[in-house]
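Read the structure below first, then the notes.
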Amino acid sequence: MNILKTSLFAIITTMGLAGCATSNTQPQNIASAGLLICVQNELCPTVKVTWNEQNRNNLKVTAYLPSAKDDYDIQQFVFLIDQKPYSYAPTTATTHEYINRMVPHRSSNYVVVPSAFLSTFKNAKDIELKLVTDKGNITRPVYRNGQQSSAYRAFINLYQP
């Protein structure tokens, strides 16, 4: 019985120490994602917003373009907030992934924006995201006439004045 108690104590102690050792080794990244407002059969980007809990100065905004037939080179992100453009250029090349037979192509790229940028969303009446690609511009609403996309909610969830 003492061997059982000793073994159990050793296992619990090891698990506790392992938990302590891993709990604060990396700064916590927080991410939220959503779709833009799209109509049926329209290429509909997914937008993911990521930030680091330790460094709240910048946000990483990633756009994913799923397509049945094309790869896209995403060259610029332009947020149109009440028709005022906020342009950001990616610093890396667009990546292309094979997802499955239904969506064989997924192109993605990201930009880093100042977190203060989210304050421009607060009282906006109309927000669009224009992705400038090698195959033309893809412009979809983020917020329009009171309708919030799930991507808009992803941005707002991170906004903390």
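The values are calculated or read from the model by the stated rules, or taken from the named source; none is laboratory data. Note that the structure is a prediction, hence the values are computed from the model and not measured. Neighbour counts are summed over all protein chains in view; Cβ atoms, including those assigned to glycine, are modelled from backbone coordinates with ideal geometry. We work out accessible area using only protein heavy atoms, side chains counted, and drop any ligands, DNA or RNA first. Shrake-Rupley method; radii C 1.70, N 1.55, O 1.52, S 1.80 Å.
Suppose we filter the range 132-157 for residues that are open to solvent by 50 Å² or more (accessible area, probe 1.4 Å) and touching a helix residue (DSSP H, G or I) at 6+ places or on another chain (Cβ under 6 Å); how many remain? Going through the range 132-157 one residue at a time, the tally reaches 0. Within the range 113-131, the residues that satisfy the criterion of being modelled with pLDDT under 95, outside any loop (DSSP other than H, G, I, E, B) and either open to solvent by 70 Å² or more (accessible area, probe 1.4 Å) or of a type in the set (A, V, I, L, M) (or both) are Val113, Ala116, Leu118. For the range 67-87, state whether one or more residues are open to solvent by 70 Å² or more (accessible area, probe 1.4 Å), touching a Leu at 6+ places or on another chain (Cβ under 9 Å) and of a type outside the set (Lys, Arg). Checking the range 67-87: at least one residue is open to solvent by 70 Å² or more (accessible area, probe 1.4 Å), touching a Leu at 6+ places or on another chain (Cβ under 9 Å) and of a type outside the set (Lys, Arg).
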